[in-house]
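Just so it is clear, none of the values below were taken in a lab; they were calculated from the coordinates. These numbers come from a predicted model, not from an experiment. For neighbour counting, all protein chains shown are included, and Cβ atoms are generated from backbone atoms with ideal geometry for every residue, glycine included.
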Amino acid sequence: MSQQVRGVVARAKGEPVGIETIVIPDPGPGEAVVRIQACGVCHTDLHYREGGINDEFPFLLGHEAAGVVESVGEGVNEVEPGDFVILNWRAVCGQCRACQRGRPWYCFNTHNARQKMTLTDGTELSPALGIGAFAEKTLVAAGQCTKVDPAASPAAAGLLGCGVMAGIGAAINTGAVTRGDSVAVIGCGGVGDAAVVGSRLAGAAKIIAVDIDERKLATAASLGATHTVNSREKDPVEAVRDLTGGFGADVVIEAVGRPETYKQAFYARDLAGTVVLVGVPTPEMKLELPLLDVFGRGGALKSSWYGDCLPSRDFPLLIDLYLQGRLDLDAFVSETIALDGVEDAFARMHKGDVLRSVVVL
Ligand code: APR
Ligand code: ZN
Ligand code: ZN
């Protein structure tokens, strides 16, 4: 038995997305069907629509979601029907070399549902990041579901499934920000702002927000940045050094994904500091640096993929902090929209008008 629900589909490169009827099979072994309650609009959804990730159209978009498990297949013991879950795009295997060596966030056997969701004519859908949650329901691997406290608002909880986790994790997991650190965050969109929030949670003494947009700097300040730098007006490397007694920041988090900001991050850190790269560049981007500068500076250059998170460890913990009033996830929800509002939300995201638009079902 299968069932039919509504979902947001990108049929072809660059074309506006639209609502279609989706056919969802009953969950097979290791799979779960989840009734989606909320799903945030992320840049990656737009990248799919623009053909920037692969050309396996049609895509069922949406991947930043929370909902309730409706049914599970054979052998599923991670979750059961009725559980409130956040979906993740990295269900780790536990078997590969990375998992075995205690670094499951580098797992290279991550898995998704085996069965395919389809359009009513039988065309197979590619779910964004193996999730596809701009839909009333979706089919995922049970390992993609992490049970969290159902007292959390679905709109806020879903954001941990991608962008907000990427930013908080960049600070806490990858950057290992610790009490007393100075942190500079370059690029204060949803991801950079989450890095600000993560740095504050970790006890950073100074959090310097860098952006080219005053509106973004104001939001970063409201979320805990102690200093702001408009890099259109001031050289951000000098500004960060000035604010840190001439040294540079202990941890610099790059959340833009461009050569000039990668370079700023490299030079804005203290000699033994850490650079965390969370902004995703495009394939043609290049950066040239004097080797003597690379050699002459200690510290670490790290990239952060999904905030090096472990959903089973990090999602419940962050939801607890949220429910205790120590982590303001609601601040990231700029607006709630319906399923048919995704295309317009892409435009607002592109203009930088919102941190996150969240589809609520
Ligand atoms: N210097 C500083 N800030 C910049 C610059 C620049 N040269 N160019 C853009 N910005 C700022 C924008 O003003 C915006 O506030 O970077 C921010 C980018 O934010 P968003 O577009 O909202 O993107 P976000 O969702 O935060 O993702 C940022 O992280 O995970 C990656 O793929 C994601 O590469 C993207 C990055
Ligand atoms: Zn693994
Ligand atoms: Zn995303």
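In table form, for the structure just shown:
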read-out: Spatial separation of Cα centroids for the stretch 152-193 and the stretch 266-292, in angstrom; value: 19 Å
read-out: Taking K137, K286 and counting other C-beta atoms within 10 Å, the order from fewest to most; value: K286, K137
read-out: Calculated from backbone phi, Karplus (6.51, -1.76, 1.60) coupling profile of the stretch 277-293 in Hz, x at Gly/Pro; value: 9, 10, x, 9, x, 9, x, 7, 6, 9, 9, 10, 9, x, 4, 5, 6
read-out: Which of T138, T261, T118 has the fewest Cβ neighbours within 10 Å, and the rest in rising order; value: T118, T261, T138
read-out: Expected 222 nm ellipticity per residue - DSSP helices of 4 or more, -39500 (n - 2.57), all of the chain, to 500; value: -7000 deg cm²/dmol
read-out: 5 angstrom amide H check on L301, placed H, neighbours 5+ away; value: V275
read-out: Dimensions (Å) - the stretch 1-117, Cα atoms, principal axes, largest first; value: 43, 32, 22
read-out: Mean Cβ neighbour count within 10 Å, used as a protection proxy, ranking 193-201, 273-281, 210-218 highest first; value: 193-201, 273-281, 210-218
read-out: Karplus (6.51, -1.76, 1.60) ³J(HN,Hα), θ = phi - 60°, over the stretch 135-142, in Hz, Gly and Pro reported as x; value: 7, 5, 8, 9, 10, 9, 6, 4
read-out: Square roots of five times the Cα gyration tensor eigenvalues for the chain, Å; value: 35, 21, 19
read-out: Burial ordering of T226, T244, T123, T282, fewest other beta-carbon atoms within 10 Å first; value: T282, T123, T226, T244
read-out: T336 long-range amide H proximity, modeled H, under 5 Å; value: V358
read-out: Under 5 Å, built H, 5+ apart or other chain: amide partners of A249; value: R269, D270
read-out: Cross-link pairs K216/K286; K116/K286; K13/K263; K13/K116; K116/K351; K263/K351 - those with Cα-Cα distance over 30 Å; value: K116/K286; K13/K263; K116/K351
read-out: The stretch 170-281: C-alpha gyration tensor shape, a/c 1.5 cut-off, then a/b vs b/c; value: rounded
read-out: Rounded to whole Hz, the Karplus (6.51, -1.76, 1.60) HN-Hα couplings of the stretch 105-120, x for glycine and proline; value: 5, 9, 3, 10, 10, 4, 10, 10, 4, 7, 6, 9, 7, 9, 7, 5
